[in-house]
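First comes the structure, then the notes that go with it.
The values are calculated or read from the model by the stated rules, or taken from the named source; none is laboratory data. Predicted model only: the values in this text are computed from it and were never measured. As a convention, Cβ positions derive from the backbone with ideal geometry for all residues, glycine included, and neighbour counts pool all protein chains shown.
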2 protein chains.
Amino acid sequence: MTTYSQHYPDDFHLHLRRGDLLKAVIGQSAYQFARGLIMPNTVPPILNAAFVDNYFVEIRLALRNLRLPNFKPLFAIKLNHRTTPETIREAINVGAVAGKVYPIGVTTNSDDGVSDFESMAPVFAAMEKWGMVLCLHGEKPGEFCLDREVEFLPTLDCLAKNFPKLRIVLEHISTAKAVERVQSLPNTVAATITAHHLLLTLDDVIGGKLRPHNFCLPIAKRPKDRAAVRMAAISGNPKFFFGSDSAPHLKGDKECAEGCAGCYTAPVAMPLLVQIFERMNALDKLENFTSKFGADFYHLPLNEGTLVLEKRPWTVPKEINGVVPFLAGETMEWSFACE
Amino acid sequence: MTTYSQHYPDDFHLHLRRGDLLKAVIGQSAYQFARGLIMPNTVPPILNAAFVDNYFVEIRLALRNLRLPNFKPLFAIKLNHRTTPETIREAINVGAVAGKVYPIGVTTNSDDGVSDFESMAPVFAAMEKWGMVLCLHGEKPGEFCLDREVEFLPTLDCLAKNFPKLRIVLEHISTAKAVERVQSLPNTVAATITAHHLLLTLDDVIGGKLRPHNFCLPIAKRPKDRAAVRMAAISGNPKFFFGSDSAPHLKGDKECAEGCAGCYTAPVAMPLLVQIFERMNALDKLENFTSKFGADFYHLPLNEGTLVLEKRPWTVPKEINGVVPFLAGETMEWSFACE
């Protein structure tokens, strides 16, 4: 049987939510990833050290119950206009590795987001000084949906220039222009790429039937944008690494009159990545993309242990614990190796 | 009380479906429009004179049961590669006024659509000769969703050039480029404009939450496209007239994993148009847009009788007979006058 193996991968952009939904989804990530950077836009949000502590306990408990104790959650706090340099210091002290900015209103639970980047300068300066990574949902509020990411790029330029030692991640890039900009900025600026942005264009969301389980923000764009994102992922450029943005919502919150944004890709993440990279004749680039470049950027060691996949087809379930996974009902070419 | 009145309007692009759904929706159109051009992409499709006869009986019966016998359905047949000049002649003989082309796969029930326009030349020639209007779903199959309408325009050019006396309607235009092209082509080429394309941009479909009840094909485009469509509607140019493309689907066929395209605008059509035209300070242009230009193009007399609306708010129901109407739950400024 054909197999693929690599060091255990990391997911540098992961939504686990809280409570019952967290318990329902965390196993899918913990099974295949060694670490995940857990996004802080929960309800209530992860705003500071105390919230990180609390969230850590919840996650550890869920992992223990699933007998998946080896998965290591990495924490980001949500930055907003109440964040102070002291908030940053305290969050670092409890192990948070990143601060995430959601511009106001651009995605799920971002109504308390940032409306004025300039006023955040003291916070960014503290992060720069103390080595916390700045993660950006890179979309400009109020712009037409397809232009929001590109319109955000001047803000990225400013941040990179004004805080030259601040490590910055432009999350879930979806456009050719964002790829180009990240390439051209200094090495302090990197980007995460999701599995679904490697697969989808806007046609897969609205091109025939309306497909809520392919609906995410930033929205998937044109074929040329997808091509650019794919080329970045297989380029071997360490600025580009994997972050799934796996974003579970209950089925009824997706298939309704006002559907939530987010693709629940965790259940298919590594099998899908292997499939995509194989089709691009770039399987040799996948390990660095998922295991090394992100770890290096975050100043973390390479994971120990080996993840093995086998070329053996399986069908993605229609629903897992009340959540419809990405590619539900479709056949994947690669399976996790039986233990 | 402020009122608005005009000759009874026409809807030159209307989906009524068949069976229970037809009975559920026809009253909403028959109440406010004098005539409607009924689209033939039903299941089974309206392919020829016999189907028109049959469909006419079904519609008349439904209207009689609703005590709305004055609404006059106008019929289009669906053209495909089995249509012959004889089909056209027979359809005209039973009163069909139009033939509709759905390029293959571009919208609801178009899998049997046209893949090769050139081979349809004898049919178009027959329509030109005998005075049947050609209605076009103007999107090119296989193109990226946002480009399909613009990529179809060369086909429109060819048809206008090759059949100089054939009256052609480019249906539900959604882009600035389509507006410009229709303006520049001879007077044999006109276009319908929907209420929802006057209101929506792509932001209203995918810009925040996913809104299946705003999902239609052609998809709503950029603000500049909407602006161009609006300017065409209020321009007083007789090439542009109203066709709602009201397209009912049961709630469960919209709010699901693969949602159908179409906005059920019939219940709000004239109140919404009055509201939009009033906000554009163009209420004086609405009567020609809805009552005269289309009738003239189709060589039909102006409708008798007067439709009166009052400036009196009402809330669009969340659901009407199992179908979620466009703008469900929102407040409209204009109501139909009480009789």
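Data overview
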quantity: Yes/no for B:E287 being away from chain A (no Cβ under 14 Å), out of contact with any Leu (no Cβ under 9 Å at 6 or more places or on another chain) and surrounded by 16 or more Cβ atoms within 10 Å (Cβ to Cβ); calculated: yes
quantity: Verdict on A:G236 being over 27 Å from A:N41 (Cα atoms), within 14 Å of chain B (Cβ to nearest Cβ) and outside any helix (DSSP H, G or I); calculated: no
quantity: Counted residues, segment B:284-337 - those being in a loop (DSSP other than H, G, I, E, B), farther than 25 Å from B:N214 by Cα and touching a residue at least 12 places away in the same chain (Cβ under 8 Å); calculated: 8
quantity: Which listed residue is among the charged types (D, E, K, R), out of contact with any Lys or Arg (no Cβ under 9 Å at 6 or more places or on another chain) and farther than 23 Å from B:S174 by Cα, from B:R312, B:R279; calculated: B:R312
quantity: Tally of residues being of a type in the set (A, V, I, L, M, F, W, C) and crowded, with 21+ Cβ neighbours inside 10 Å across segment A:35-53; calculated: 6
quantity: Selection count, segment A:75-89, where residues are of a type in the set (V, I, T) and touching a helix residue (DSSP H, G or I) at 6+ places or on another chain (Cβ under 6 Å); calculated: 3
quantity: Residue in segment A:125-145 that is free of Cβ contacts under 8 Å to residues at least 60 places away in the same chain and either polar (S, T, N, Q) or over 26 Å from A:R82 (Cβ atoms) (or both) present; calculated: yes
quantity: Filtered residues of segment A:5-26 (kept if surrounded by fewer than 20 Cβ atoms within 10 Å (Cβ to Cβ) and over 22 Å from A:P301 (Cα atoms)); calculated: A:R18, A:G19, A:D20, A:L21, A:L22, A:K23, A:A24
quantity: Options A:G262, A:G252: the member that is within 14 Å of chain B (Cβ to nearest Cβ) and surrounded by fewer than 17 Cβ atoms within 10 Å (Cβ to Cβ); calculated: A:G252
quantity: Condition check for A:D253: within 30 Å of B:C216 (Cβ to Cβ) and part of a helix (DSSP H, G or I); calculated: yes
quantity: Any hit, segment A:112-125, residues being in a helix (DSSP H, G or I), surrounded by fewer than 18 Cβ atoms within 10 Å (Cβ to Cβ) and out of contact with any helix residue (DSSP H, G or I) (no Cβ under 9 Å at 6 or more places or on another chain); calculated: yes
quantity: Those residues of segment A:84-118 which are at pLDDT below 95 and of a type in the set (G, A, S), in sequence order; calculated: A:G105, A:S110, A:G113, A:S115
quantity: Count - residues of segment B:311-334 that are surrounded by 18 or more Cβ atoms within 10 Å (Cβ to Cβ) and not aliphatic (A, V, I, L, M); calculated: 3
quantity: Flag for A:I88 being touching a strand residue (DSSP E or B) at 6+ places or on another chain (Cβ under 8 Å) and either under 27 Å from A:L156 (Cα atoms) or polar (S, T, N, Q) (or both); calculated: yes
quantity: Filtered residues of segment A:321-336 (kept if in contact with a Phe, Trp or Tyr (Cβ under 8 Å, 6 or more places away or on another chain) and either more than 12 Å from chain B (Cβ to nearest Cβ) or charged (D, E, K, R) (or both)); calculated: A:V323, A:T331, A:M332, A:W334, A:S335, A:F336
quantity: Helices (runs of 4 or more DSSP H) within segment A:160-232 that include 2 or more residues farther than 24 Å from A:I104 by Cβ and within 14 Å of chain B (Cβ to nearest Cβ); calculated: A:203-206
quantity: Qualifying position, being within 18 Å of the chain's Cα centre (by Cα), of a type in the set (D, E, K, R) and crowded, with 24+ Cβ neighbours inside 10 Å, among A:K221, A:K239; calculated: A:K221
quantity: Residue check for B:T290: hydroxyl-bearing (S, T, Y), in contact with a strand residue (DSSP E or B) (Cβ under 8 Å, 6 or more places away or on another chain) and more than 19 Å from B:T265 (Cβ to Cβ); calculated: no
quantity: Lone qualifier among B:G105, B:G95, B:G131, B:G99 - being within 14 Å of chain A (Cβ to nearest Cβ) and either of a type outside the set (F, W, Y) or loosely packed, with under 15 Cβ neighbours inside 10 Å (or both); calculated: B:G105
quantity: Residues being without any contact (Cβ under 8 Å) to a residue 40 or more places away in the chain and of a type in the set (G, A, S) - total across segment A:240-265; calculated: 2
quantity: Selection within segment A:71-85 - touching a Pro at 6+ places or on another chain (Cβ under 6 Å) and either part of a strand (DSSP E or B) or within 19 Å of A:D112 (Cβ to Cβ) (or both); calculated: A:A76, A:I77, A:K78
quantity: Contacts under 6 angstrom Cβ, first residue in segment A:101-115 being among the acidic types (D, E), partner surrounded by fewer than 22 Cβ atoms within 10 Å (Cβ to Cβ), 6 or more apart; calculated: A:D112/A:N80
